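First comes the structure, then the notes that go with it.
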Amino acid sequence: MTVMTASLSARWHDLLTRCGATADPAPYAEDLLGRWAEPQRRYHTTAHLAAVLDVVDELAGHAEDADAVRLAAWFHDAVYRPDRSENEERSAALAVRALHEAGLAPELASEVARLVRLTVGHHPAEGDRNGEVLCDADLAVLGGMPEQYAAYAAAVREEYAFVPEDAFRAGRAAILRQLLDLPALYRTPEARERYDAAARRNLAGELLLLGG
């Protein structure tokens, strides 16, 4: 077991126990970490999971239920096939099934599923503090240092290696333009201050490289 996997397993155990699980957290950790380590993943890996959890911890004071957000972070890309469009819905269904089985409250499982579905478009409603934290944490990579952003963009391209270059460039450019057109990439004050300016520079730079 790697150091990262061991650390994530411990974080999961603490989280599930804190949330009132009546089942042993270990098998759920093994299943989830196995999913996050599937071979088709290049960006949506355990490293991404750990990074999102770290940012959720940093923004936790903004959330109404930080542990619900942490659970949603664990599940938000638990089902991931780059050639499929229903990943978030299948991840949300997995969350409901697993959390019910683990003995967590149905209301908590429903909130986790709702949050997972928000990562389709990263557009939480105004005042949705849990959704704001999860979406900001998931998009924090956009505001990294230039070399970090370049590594992220390269990993995304690897995940979509089956897509021809021209089609990928057109689709990726459209996504980047949609992000740049948003009035606010980040919803929490801390994330806006920390990531927004760098994210816009990174997105614009990649768009330029794509010829968009």
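For the reader, a short list of remarks on this structure follows.
- The chain: angle of helix 25-36 to the longest principal axis, Cα-based, in degrees nearest 10: 20 degrees
- In this rough spin-label picture, where each label sits 7 Å from Cα along the Cβ direction, the residue 158-residue 209 distance is 1.4 nm.
- Folded to 0 to 90 degrees: helix 106-118 orientation relative to the chain principal axis, Cα: 10 degrees
- Per-residue ellipticity at 222 nm, computed for the chain from helices alone with -39500 (n - 2.57) per DSSP H run of at least four residues, works out to -22000 deg cm²/dmol.
- FRET efficiency estimate (nearest 0.05) - Cβ-Cβ, residue 84 to residue 169, R0 22 angstrom: 0.55
- Alpha carbon centroid spacing (whole Å) that separates the stretch 1-55 from the stretch 150-212: 26 Å
- Rounded percent of accessible protein surface that carbon and sulfur make up, the chain, 1.4 Å probe: 56 percent
- The modelled label-to-label distance between residue 10 and residue 93, using points 7 Å beyond Cα along the C-beta direction, is 3.6 nm.
- Gyration tensor (alpha-carbon) shape descriptor, the stretch 76-207, a/c threshold 1.5: oblate
- Extension reserve of the residue 190-residue 24 stretch, reckoned as 0.36 nm per residue once the Cα distance is removed: 56.2 nm
- For the pair the stretch 111-128 / the stretch 76-101, the C-alpha centres are spaced 14 Å from each other.
- Looking at the chain, the accessible area is 48 square angstrom per residue; that uses a 1.4 Å probe and ignores ligands, DNA and RNA.
- Cα long-axis angle, helix 66-75 against the chain (0 to 90 degrees, to the nearest 10): 70 degrees
The values are calculated or read from the model by the stated rules, or taken from the named source; none is laboratory data. It should be emphasised that the depicted structure is a prediction, and the values quoted were computed from it without experimental measurement. Glycine also receives a Cβ, built like all others from the backbone with ideal geometry; neighbour counts cover every protein chain displayed. All accessible areas refer to the heavy atoms of the entire protein, side chains included, with ligands and DNA or RNA removed. Shrake-Rupley method; radii C 1.70, N 1.55, O 1.52, S 1.80 Å.
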